[in-house]
Amino acid sequence: MLPDALKNPPFGKPWLLYAFLGTSLVLNLALALRPGADPGAEADVAPAPVAALAVVEPVVPAGDASNAPIPPELVPALPEPLGVSRRAGTAVFVAPVNSSLSATFQGATAKSPAALSAVYSRLMVWDVDLRRDLHKGDLVSVLFEDTEGVEPLILAARLTMFPGTATEKTVDAFRYQAQGDRFPSYWASDGTEVPRRLIDGPLHDYEQITSLLKDRPTHEGMDFKTPIGSDVVAPRAGKVTRVNWNHAANGNCVELQFADGATAKFLHLNENAVKEGQRVTAGEVIAQSGNTGRSTGPHLHYQIEKGGRVVDPIDYHGTLRRKLPAELMTDFAAKAKELSAQLDTQVATAAM
Ligand SMILES: [Zn+2]
């Protein structure tokens, strides 16, 4: 499954390689849950050679006891903060960072620890360089819903760097749907949106950016998870240079050329709304997003090339970070506090 170079790393610290590969984001659950579906996906990476994490056995309260505290006798004393619990359809996983993020998540009692690691990475990648800035002993905490057949849904995620020291730094993300938004997003405690947005992107609304250009060397664009039929717009004015080339892989697709000579590719579309040679204005609808071609779930693949080279859309367009309006902060803060308490309870319980 792995190329020879990966099986026999040309250096003495193979875990470095795993740490590098392990932080790669995964397009969606299908990739993460079907080993072999995508050679670049995390699920294809062999487990890092580290000792298995000891975890607290899942605690399942009888009946409807969503607010019942976990009986202390069910929580064994642990040498370090570390734990897993389940209640009312959600689970909490708290663990110190091991040799890599994916190795750390292998201790999670989740249907797919690799998928959980991937969706957690998607939230942290905006503030932390997961390949360079994670330290052994940093604490990952995540509250999630785990349903068979779909990727884990994170309700709250936290990364505590240098926990318990003077330089402790916390990055957190709470799932919250802002009034007027089509989809819930993730917001930090101060009301700043965690994922960045392209300043002039190809979609007004989407569920999540699931893959960045830098995630995998074999991936040449950015993936937006969005339901089939979402309006895809021309980010800038331009001309349609091609449609539906390499249809088996790309599905329905459109290529635009902007005034500066850069080309933009939009792949896996459900329906094209433009023809070759047509001029389009910025913001004009050029297609409906879909799941055609070699695609494992509804999403838009967006790719920029300039001078024959792939360019990161983040660099090309620039990004912005939204902030919740003041009138939503009371509502958001109450919800974030509740989610945060669920994470903290688990940390406190595990540390006893
Ligand atoms: Zn893609």
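In the stretch 297-307, what residues are among the small types (G, A, S) and away from the ligand (no atom under 12 Å from the Cβ)? Break it down into steps so the answer makes sense when it comes.
Within the stretch 297-307, the subset among the small types (G, A, S) is 297, 307.
Of everything in the stretch 297-307, just one residue is among the small types (G, A, S) and away from the ligand (no atom under 12 Å from the Cβ), namely G307.
Every residue in the stretch 111-136 that is in a loop (DSSP other than H, G, I, E, B) and open to solvent by less than 20 Å² (accessible area, probe 1.4 Å), please. S112, V128, L130, listed by residue number.
Pairing residues of the stretch 125-139 that are closer than 20 Å to T210 by Cα with residues that are in a loop (DSSP other than H, G, I, E, B) and open to solvent by 30 Å² or more (accessible area, probe 1.4 Å), at Cβ distances under 8 Å and at least 6 apart in sequence or on separate chains, gives W126/R196; V128/L134. Checking the stated criteria, E255 turns out to be assigned to a strand (DSSP E or B), charged (D, E, K, R) and without any contact (Cβ under 8 Å) to a residue 60 or more places away in the chain. Of the residues making up the stretch 217-249, those that are within 16 Å of the ligand (Cβ to nearest atom), open to solvent by less than 40 Å² (accessible area, probe 1.4 Å) and not in a loop (DSSP other than H, G, I, E, B) are M222, D223, F224, V232, A249. Checked against the criterion of being in contact with a strand residue (DSSP E or B) (Cβ under 8 Å, 6 or more places away or on another chain), free of Cβ contacts under 8 Å to residues at least 24 places away in the same chain and either open to solvent by less than 60 Å² (accessible area, probe 1.4 Å) or of a type in the set (F, W, Y) (or both), the stretch 259-273 contains one or more residues that satisfy it. The lone criterion from (1) among the small types (G, A, S); (2) within 16 Å of the ligand (Cβ to nearest atom); (3) part of a loop (DSSP other than H, G, I, E, B) left unmet by G261 is number (2).
Regarding the stretch 325-333, can at least one residue be identified that is in a loop (DSSP other than H, G, I, E, B), open to solvent by 20 Å² or more (accessible area, probe 1.4 Å) and touching a strand residue (DSSP E or B) at 6+ places or on another chain (Cβ under 7 Å)? Steps first, answer last, please.
Kept after step one, since they are in a loop (DSSP other than H, G, I, E, B), are these residues of the stretch 325-333: 325.
Then keep just the ones that are open to solvent by 20 Å² or more (accessible area, probe 1.4 Å); that gives 325.
Narrowing the set further to residues that are touching a strand residue (DSSP E or B) at 6+ places or on another chain (Cβ under 7 Å) leaves none.
Within the stretch 325-333 (the criterion being in a loop (DSSP other than H, G, I, E, B), open to solvent by 20 Å² or more (accessible area, probe 1.4 Å) and touching a strand residue (DSSP E or B) at 6+ places or on another chain (Cβ under 7 Å)), the answer is no, since none of the residues qualifies.
Within the stretch 203-216, being within 15 Å of the ligand (Cβ to nearest atom) and over 16 Å from the mean Cα position of the chain (by Cα) holds for one residue alone: L203. Would you confirm whether any residue within the stretch 143-154 is open to solvent by less than 20 Å² (accessible area, probe 1.4 Å), in contact (Cβ under 8 Å) with a residue 40 or more places away in the chain, under 19 Å from A341 (Cα atoms) and in contact with a helix residue (DSSP H, G or I) (Cβ under 6 Å, 6 or more places away or on another chain)? Within the stretch 143-154, one or more residues are open to solvent by less than 20 Å² (accessible area, probe 1.4 Å), in contact (Cβ under 8 Å) with a residue 40 or more places away in the chain, under 19 Å from A341 (Cα atoms) and in contact with a helix residue (DSSP H, G or I) (Cβ under 6 Å, 6 or more places away or on another chain).
Just one of the listed residues (D200, D172) is more than 16 Å from the ligand (Cβ to nearest atom), under 30 Å from A333 (Cα atoms) and assigned to a loop (DSSP other than H, G, I, E, B), and it is D200. Scanning the stretch 269-283 for residues that are assigned to a strand (DSSP E or B) and more than 31 Å from the chain's Cα centre (by Cα) yields R279, V280.
Among residues of the stretch 208-233 that are closer than 16 Å to V254 by Cβ and among the hydrophobic types (A, V, I, L, M, F, W, C), those with a beta-carbon under 8 Å from a residue that is within 10 Å of the ligand (Cβ to nearest atom) and assigned to a helix (DSSP H, G or I) at least six positions away or on a different chain give the pairs M222/L213. Go through the stretch 89-105 and give me each residue that's more than 14 Å from R158 (Cα to Cα) and surrounded by fewer than 21 Cβ atoms within 10 Å (Cβ to Cβ). Within the stretch 89-105, G89, T90, S99 qualify.
If you go through the stretch 279-296 and keep only what is within 16 Å of the ligand (Cβ to nearest atom) and surrounded by 18 or more Cβ atoms within 10 Å (Cβ to Cβ), you end up with A287, S289, G290, T292, G293, S295, T296.
The values are calculated or read from the model by the stated rules, or taken from the named source; none is laboratory data. Only a predicted model underlies this, so the values are computations on that prediction, with no experimental measurement involved. Heads up, the Cβs are rebuilt from the backbone with ideal geometry, glycines too, and the neighbour counts pull from every protein chain shown. Ligands, DNA and RNA are stripped out before the accessible areas are found, and what is left, the full protein with its side chains, is counted by its heavy atoms. Shrake-Rupley method; radii C 1.70, N 1.55, O 1.52, S 1.80 Å.
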